[in-house]
1. Distances over 15 Å make up what percent of all Cα-Cα pairs in segment 171-243?
2. Report the full-extension gain for the segment K98 to L16: residue separation times 0.36 nm, less the Cα-Cα distance, to one decimal in nm.
3. Starting with the highest mean, order 52-58, 238-244 by the number of other Cβ atoms within 10 Å, averaged over the residues of each peptide.
4. Given a Förster distance of 22 Å, report the FRET efficiency between R250 and L25 from their Cβ-Cβ distance, rounded to the nearest 0.05.
Amino acid sequence: MNMIMDFFAAYSPLWLAGLVGALLLTGAVAGVLAGLLGVGGGIVIVPVLYHLFSLLGVDPEVRMHVAVGTSLAAIVPTSIISARAHYRRGGLKPELLKPLIPGTLIGVLIGALLSGYLSGEMLAALFALIALLVALNMALDHSVSLRDGLPGTFGTGVLGLFIGSLSTLMGIGGGTLSVPILNACRTPMHVAVGTGAALGVVISLPGALAYLINGLGSADLPPATLGYVNLLGLALIVPVTMLTAPWGARIAHAVNARLLRRLFALFLALTAARMLLGAFAI
């Protein structure tokens, strides 16, 4: 509590009002995108927090780590709300989700371990490059089609490993990677989105705990931060994302699959470009 009070005392009321407004707006956009695209909202939360921490003068070495850890923590309740909304509309198939869970959990562990050895700039560049590749694939009218349905047990485990490890490193829900992968396996777009939302829960909960633990005792953390999870950002973002995630799910089931793919690609490309510029200080 003292950390939070010290933080508010350090800045003018107008500046704080702008900060709070930015975080609330971030939560609203992230919630809608979580429901609309099954992405957990991290694709918005990470870059916004990254740039807000830049304005606050947070050390570049921990800036991206805190943005990722806070994003993963925010994704937990958001993904639960989003997945429930999709399940009620028939957009979440447990038989598609269950085979992906074991490999995804192992991937989360690997991603969490690797995060402790990567610099903030490397994490930001990784976020941007992966997001750009995914956006390119999703923007195509005829994206890469791998096969009908998921591969066997081993192949599905490898896909889960890939999704879990990179999603944890990037601070995003599983949908950013799982939606295009499932779609490439000729899973209907609405089902891929719903499954991606559910996979976000599998990724974000252990991922957030890992970032919290890894960040304990780190120097130069921003105020009101526990480990690599910023409590102030979490408190402002989460209630709004939980409110707006069902709105996005309703929109997702009211628009056609082609438009949904294009929206997904657009947001990924814009976000990735901004992060890439930031990573290389352009």
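Every read-out reported here was derived from the displayed coordinates using simple, explicitly stated rules and does not represent laboratory data. If you're wondering where the values come from, they're calculated on a predicted model, not measured in any experiment. Every residue, glycine among them, receives a Cβ derived from its backbone with ideal geometry; neighbour counts consider all protein chains shown.
1. Value for segment 171-243 (Cα pairs over 15 Å): 64 percent.
2. Taking K98 through L16 to full extension adds about 25.2 nm, to one decimal.
3. Going by the mean number of other Cβ atoms within 10 Å, highest first, we get 238-244, 52-58.
4. Computed FRET efficiency for R250 and L25: 0.65.
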